[in-house]
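Asks: I have a structure I would like to understand better, so I am pasting it below and will then ask my questions one at a time.
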Amino acid sequence: MTTTTAHPPVVDLATWQAARDELLVREKAHTHEGDAIAAARRRLPMVELDGSLEVVGPDGPVPFLDLFEGRDELLVYKHMWHDGAPHQGQCEGCTVSAWHLKDAVYLRARGVSFAVLTTGAWDEVAPYVEFMGYTEPWYSVRGVDAPLGADMGSLACFLRQGDRVFLTYTTTGRGVEAAAGSFALLDMTPYGRREAWQDDPEGWPEGNDPCWYWRSDADGNAGWAQTTRPVPQWTRPGATPVQTLGRHGDHH
């Protein structure tokens, strides 16, 4: 709900179409540049890793090579972890990405396997994965050196050549937004993400702190109050109001 009356100017259809067509020129240029960047990405060099390094999943330790499931390519999301924190205290930003990556069927249809890596100990990770209802494979990389055990909160791509494993690409910063289609959809709406950093017209709704809607309370109010959970947790059976995030520095 909003109390603001600020909105785009009202015009006739022909005027709107002319403005829309003008923006479309920029949108197509943006798409073509994205295609060119993807082409350059495919031409990056790669670095070999030890595919026998063990990660821990539901069946115990397995070599990283197993995560390819016999396919040639593997994409992983690296999920941050707060040791000893309850479910509501785990990384809300990573929850955004992981929740959008609950079903990797279209990746596998293209011959790309998918898994989530986290630095959490498996005995803590397993009940969290069950609570969230995630069905894609998760693995603990606790104690594993970089690059597998580093740069949490990012995407990484790997290529397999027989028993040899290579790192081909990783994201930085906002590159992880590719995992969450909701961001691109929000950017299409009149008020966007409603965050203070946005370039908005005069009189637009006042922007909030970045990422304010990653958490909400039991009534659905977005924000970083101590009684909030990552938004999708409220859909999980047994999710209850909370008093603390259960970790040091438990306010974003």
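Asks: Residue check: is residue 220 farther than 24 Å from residue 113 by Cβ, loosely packed, with under 14 Cβ neighbours inside 10 Å and touching a residue at least 40 places away in the same chain (Cβ under 8 Å)?
Replies: Judged against the criteria, residue 220 is not a match.
Asks: Quick one: residue 197 ticks every box in (1) modelled with pLDDT of 95 or more; (2) among the aromatic types (Phe, Trp, Tyr); (3) surrounded by 15 or more Cβ atoms within 10 Å (Cβ to Cβ) except a single one, so which number is it?
Replies: Among (1) modelled with pLDDT of 95 or more; (2) among the aromatic types (Phe, Trp, Tyr); (3) surrounded by 15 or more Cβ atoms within 10 Å (Cβ to Cβ), residue 197 violates only (3).
Asks: Can I ask one more? Checking residue 203 against (1) at pLDDT below 95; (2) touching a Pro at 6+ places or on another chain (Cβ under 9 Å), which single condition isn't satisfied?
Replies: The single condition residue 203 does not satisfy is (2).
Asks: Further, regarding this structure: Counting just the residues of the stretch 165-194 that are within 13 Å of the chain's Cα centre (by Cα) and surrounded by fewer than 15 Cβ atoms within 10 Å (Cβ to Cβ), which one comes out farthest from residue 222 (Cα to Cα)?
Replies: 172
Asks: Quick check on this structure: which one of 47, 62, 56 is among the aliphatic types (A, V, I, L, M), buried (at least 19 other Cβ atoms within 10 Å of the Cβ) and either under 30 Å from residue 217 (Cβ atoms) or touching a residue at least 40 places away in the same chain (Cβ under 8 Å) (or both)? Break it down into steps so the answer makes sense when it comes.
Replies: Values: 47 fails: buried (at least 19 other Cβ atoms within 10 Å of the Cβ); 62 fails: buried (at least 19 other Cβ atoms within 10 Å of the Cβ).
None of the others qualify; the one that does is 56.
Asks: Hey, another quick one. What number of residues within the stretch 223-238 satisfy the criterion of being at positive phi and surrounded by fewer than 13 Cβ atoms within 10 Å (Cβ to Cβ)? Show your work before the answer.
Replies: Of the stretch 223-238, the ones at positive phi are 223, 238.
Still in the list and also surrounded by fewer than 13 Cβ atoms within 10 Å (Cβ to Cβ): 238.
Qualifying residue count, the stretch 223-238: 1.
Asks: I'd like the full set of residues that are within 16 Å of residue 232 (Cβ to Cβ), among the charged types (D, E, K, R) and more than 18 Å from the chain's Cα centre (by Cα), limited to the stretch 195-218.
Replies: At the first step, the residues of the stretch 195-218 found to be within 16 Å of residue 232 (Cβ to Cβ) are 211-218.
From what is left, the residues that are among the charged types (D, E, K, R) are 215, 217.
The one that is within 16 Å of residue 232 (Cβ to Cβ), among the charged types (D, E, K, R) and more than 18 Å from the chain's Cα centre (by Cα): 217.
The values are calculated or read from the model by the stated rules, or taken from the named source; none is laboratory data. Quick caveat, the model's predicted, so the values are computed rather than measured. Glycine also receives a Cβ, built like all others from the backbone with ideal geometry; neighbour counts cover every protein chain displayed.
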